[in-house]
Amino acid sequence: MTKAGSGVRGPGSGNDMRPAGATGSARKRVAVVIFPGSNCDRDALAAVELVGGDAVPVWHQSADLGGCGAVILPGGFSYGDYLRAGAMAAHSPVMGAVRRHANAGGAVLGICNGFQMLLEIGLLPGAMLMNRTLRFICRDVHLRVERDDVPLLNHLRRGQVLTLPIAHKEGNWFAPAEVVRVVEAEGAVALRYCDERGEVGSAANPNGAINAVAGLVNRDGNVLGMMPHPERRVGALIGGLDGVELIRSLVEAA
């Protein structure tokens, strides 16, 4: 992790994870923003490197993204989830750069706590409530891919069922009825909770999210927020490969 205020690491930093002989100039740079309380940043950095990207840790006090072409807001409990999940992180200096990057068409992936941040800064609609059980949930879930025509999902196919882990207490997506109608009409739902056959229903919805929303994409298709963790499913030894193509799509979008 870089020190507060030090910004982006350089190619020669001690924690450089590039394979021997690789050069950063030939690889797409992906910023992984680190907040106090992030706990999935190392997983995200490793996943980016695994699919051929140049993973760049960026401290939350940085004013820019160091020229990176894509951004991951990783999971965890930024600022201890005080006030509500993602609320304090939304005011970190780096989020201005994330907003500018997204508005300019740059690729942004928010995972779990990162999804909550995207809702807090208005890049995606709605809000997160506590899970309907009022308990923290950590387990694998099934997801149905609803979009494959946007850059961040173009290595997947519509109707495909993925198995990815969730780990959250505030993943119950909510929006007023009129917002939900717009979200559905515009095809903003990227991923839905489902069973192993791809069928959506209450029993397959782990947190009570409206319309089983597990992930949303913005109108331009360059911002994706999702509660499940693709970075935790990028190898057979850690449970499977269902997250690889999501991370690969992000790197290529850079």
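Things to note:
- Residue in segment 37-47 that is of a type in the set (Ser, Thr, Tyr) and farther than 24 Å from Arg248 by Cβ present: no
- Residues that are under 22 Å from Ala253 (Cα atoms) and of a type in the set (S, T, N, Q), drawn from segment 146-204: Asn154, Gln160
- Any hit, segment 116-134, residues being aliphatic (A, V, I, L, M), under 17 Å from Glu231 (Cα atoms), in contact with a Phe, Trp or Tyr (Cβ under 8 Å, 6 or more places away or on another chain) and not in a loop (DSSP other than H, G, I, E, B): no
- Of all residue pairs spaced 6 or more apart or on separate chains, those with beta-carbon atoms under 8 Å, a first member in segment 93-115 that is without any contact (Cβ under 8 Å) to a residue 60 or more places away in the chain and a second member that is hydroxyl-bearing (Ser, Thr, Tyr) and not in a strand (DSSP E or B) are Pro93/Ser62; Ala97/Ser62.
- Residues of segment 168-178 that are assigned to a strand (DSSP E or B) and buried (at least 20 other Cβ atoms within 10 Å of the Cβ): His168, Asn172, Trp173.
- Selected residue [closer than 24 Å to Lys28 by Cα, outside any loop (DSSP other than H, G, I, E, B), touching a strand residue (DSSP E or B) at 6+ places or on another chain (Cβ under 8 Å) and among the small types (Gly, Ala, Ser)] from Gly215, Gly225: Gly225
- Inside segment 124-166, residues that are under 17 Å from Arg84 (Cβ atoms) and aliphatic (A, V, I, L, M) make up a count of 6.
- Any hit, segment 38-48, residues being polar (S, T, N, Q) and free of Cβ contacts under 8 Å to residues at least 40 places away in the same chain: yes
- Residue within segment 69-92 that is free of Cβ contacts under 8 Å to residues at least 40 places away in the same chain, of a type in the set (Gly, Ala, Ser), crowded, with 16+ Cβ neighbours inside 10 Å and over 25 Å from Gly201 (Cβ atoms) present: yes
- Residue within segment 152-166 that is in contact (Cβ under 8 Å) with a residue 60 or more places away in the chain, closer than 16 Å to Gly208 by Cβ, surrounded by 23 or more Cβ atoms within 10 Å (Cβ to Cβ) and out of contact with any Phe, Trp or Tyr (no Cβ under 6 Å at 6 or more places or on another chain) present: yes
Any read-out appearing in this document is the output of simple, stated calculations on the displayed coordinates, not a laboratory observation. Values in this document were obtained by computation on a predicted structure and should not be read as measured data. Positions of Cβ are backbone-derived with ideal geometry, glycine not excepted, and every protein chain shown enters the neighbour counts.
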